[in-house]
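As structure tokens, the structure follows; a few thoughts come after it.
The values are calculated or read from the model by the stated rules, or taken from the named source; none is laboratory data. Being a predicted model, the structure only gives us computed values, none of them experimental. Backbone-built Cβ (ideal geometry, glycine too); neighbour counts: all protein chains shown.
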Amino acid sequence: MSSRFETEAGPTGRHAAGLFAAAAMHRDSNGNALHAPVLVLNASYEPINVCAARRALVLVLKGVAMTEEENGHFLHAARIAMRVPSVIRLLEYRRIPHQSRALSRKNILLRDRNTCQYCATVLPSGELTLDHVIPRSRGGSSTWENLVACCHPCNRRKGNQFPLEACMKLMREPRAFNLHTSCHIMRLMGRSDDKWRKYLFY
Ligand SMILES: [Zn+2]
């Protein structure tokens, strides 16, 4: 790390390091370089996530990931200077589970955009409930594919019936937040960062 610092910054030694540290602190307080989004690649170079630069630096320091692209900023702490990454890659391949987002009431409402999936009413989270499409009493499980956002009147009307039995229809097939959704979001974010493109557009 120190050799990188010397190559990049020219002057070496404690004095220079101290000066740069002061400059960096000033820039960090204004520039928010540590909050900048960083693209996370699997060991196979497949994009898998986006995290904040601060988190990415921790992963690099712990030896879990390496920097593939830098964002042009430096982090200075004590006598160490590190380039802030723009893209990092995990050193060990991680199997990404199909459902990477936790199944929770909050995430179901987020997926369904706070919209009752039967009558299309948009409501605040507190006025929505979760409906088991196949009722629990009839073997329905609590999964991404069987839970939808639902208003209380629709929930009462449906009761322990299948949607068809209650003459109700889902707005759309409930699905998990999958890798495809995440890749789409990463591509949208990547449009603002040229360094991400070669990993996202292929
Ligand atoms: Zn409804």
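List of remarks:
- Of the residues making up the range 25-47, not a single one is of a type in the set (Val, Ile, Thr), modelled with pLDDT of 85 or more and over 20 Å from Met186 (Cβ atoms).
- Look at (1) within 13 Å of the ligand (Cβ to nearest atom); (2) loosely packed, with under 15 Cβ neighbours inside 10 Å; (3) within 14 Å of Leu109 (Cβ to Cβ) and you find that Cys119 fails only one, number (3).
- Residue check, Leu128 at pLDDT 95 or above, surrounded by 18 or more Cβ atoms within 10 Å (Cβ to Cβ) and not small (Gly, Ala, Ser): yes
- Residue ID - modelled with the highest pLDDT, chosen from residues in the range 107-116 that are more than 8 Å from the ligand (Cβ to nearest atom) and surrounded by 14 or more Cβ atoms within 10 Å (Cβ to Cβ): Thr115
- Filter result for Tyr93 (touching a residue at least 12 places away in the same chain (Cβ under 8 Å) and more than 30 Å from Leu34 (Cβ to Cβ)): no
- When residues of the range 123-181 are limited to those that are within 13 Å of the ligand (Cβ to nearest atom) and in a loop (DSSP other than H, G, I, E, B), the one nearest to Ser104 (Cα to Cα): Leu123
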